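Down below is the structure, laid out as structure tokens.
The values are calculated or read from the model by the stated rules, or taken from the named source; none is laboratory data. Owing to the predicted nature of the structure, the values given are computational and were not obtained by experimental measurement. Cβ: placed from backbone, ideal geometry, glycine included. Neighbour counts: every protein chain shown. Keep in mind that these areas ignore ligands, DNA and RNA; they rest on the heavy atoms of the full protein, side chains included. Shrake-Rupley method; radii C 1.70, N 1.55, O 1.52, S 1.80 Å.
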Amino acid sequence: MELSANELSIKPAHPQTLTIRPATKADCPRMMELVNELAVFERAPQEVTVTMEHFIESGFGDNPVWWAWVAEADGHIVGLALYYIRYSTWKGQKMYLEDILVTEAWRRKGIGTLLMEALVEDAKQKGFKGITWQVLDWNESAIKFYERYNVKMDPEWVNVSLDF
């Protein structure tokens, strides 16, 4: 599979056509809806405080800090995978997967797999040394999904954050 600014179209088992494509500025309102849906699922809806203006500027301004793939079914975004570049002094540039999600009604149809494949191909094409992300320890379905990719899960590290 070759991806850059290309699209990946498949015909899933249901009648809609599904496209995996790079996100555009126009996608941001729907992407934020999905981010809020994820926050509710993760039991932290109050934690989403980013404004739409900041979200758009951060992804599509003069100095973007995030990039994303979206899954679109008949003109409606049903999933996303958003990442940024992380630098490791030991390994070099890696993709950091901030969020990957598929709206509930569209789960278990292979869309998450297609988004993950787009990320992997994108990371390889950009010469990144891998992909890093976090998963909540109680999110068993996500853990099972990630285990299919022969990932390493590291219980040794503790998440640390300093908020302003």
- Message: Need the failing condition index for Leu115 against (1) touching a strand residue (DSSP E or B) at 6+ places or on another chain (Cβ under 6 Å); (2) open to solvent by 40 Å² or more (accessible area, probe 1.4 Å), just the number.
- Response: (2)
- Taking Glu98, is it closer than 18 Å to Trp66 by Cα and assigned to a helix (DSSP H, G or I)? no
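Yes/no matrix, rows are residues, columns are (1) outside any helix (DSSP H, G or I); (2) open to solvent by 30 Å² or more (accessible area, probe 1.4 Å); (3) free of Cβ contacts under 8 Å to residues at least 24 places away in the same chain; (4) not basic (Lys, Arg):
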site	(1), (2), (3), (4)
Lys129	yes, yes, no, no
Tyr149	yes, yes, no, yes
Lys152	yes, yes, yes, no
Glu156	yes, yes, yes, yes
- Check region 46-63 and report whether any residue there is over 17 Å from Phe128 (Cα atoms), without any contact (Cβ under 8 Å) to a residue 24 or more places away in the chain and aliphatic (A, V, I, L, M). yes
- Query: What is the residue count in region 92-108 for residues that are open to solvent by 80 Å² or more (accessible area, probe 1.4 Å), of a type outside the set (Asp, Glu) and at pLDDT 95 or above?
  - Reply: 1
- Mind listing whichever residues of region 69-89 are open to solvent by 60 Å² or more (accessible area, probe 1.4 Å), under 13 Å from Asp99 (Cβ atoms) and touching a Lys or Arg at 6+ places or on another chain (Cβ under 8 Å)? none
- Query: What number of residues within region 30-68 satisfy the criterion of being assigned to a loop (DSSP other than H, G, I, E, B), in contact with a strand residue (DSSP E or B) (Cβ under 9 Å, 6 or more places away or on another chain) and either of a type in the set (Lys, Arg) or open to solvent by 70 Å² or more (accessible area, probe 1.4 Å) (or both)?
  - Reply: 1
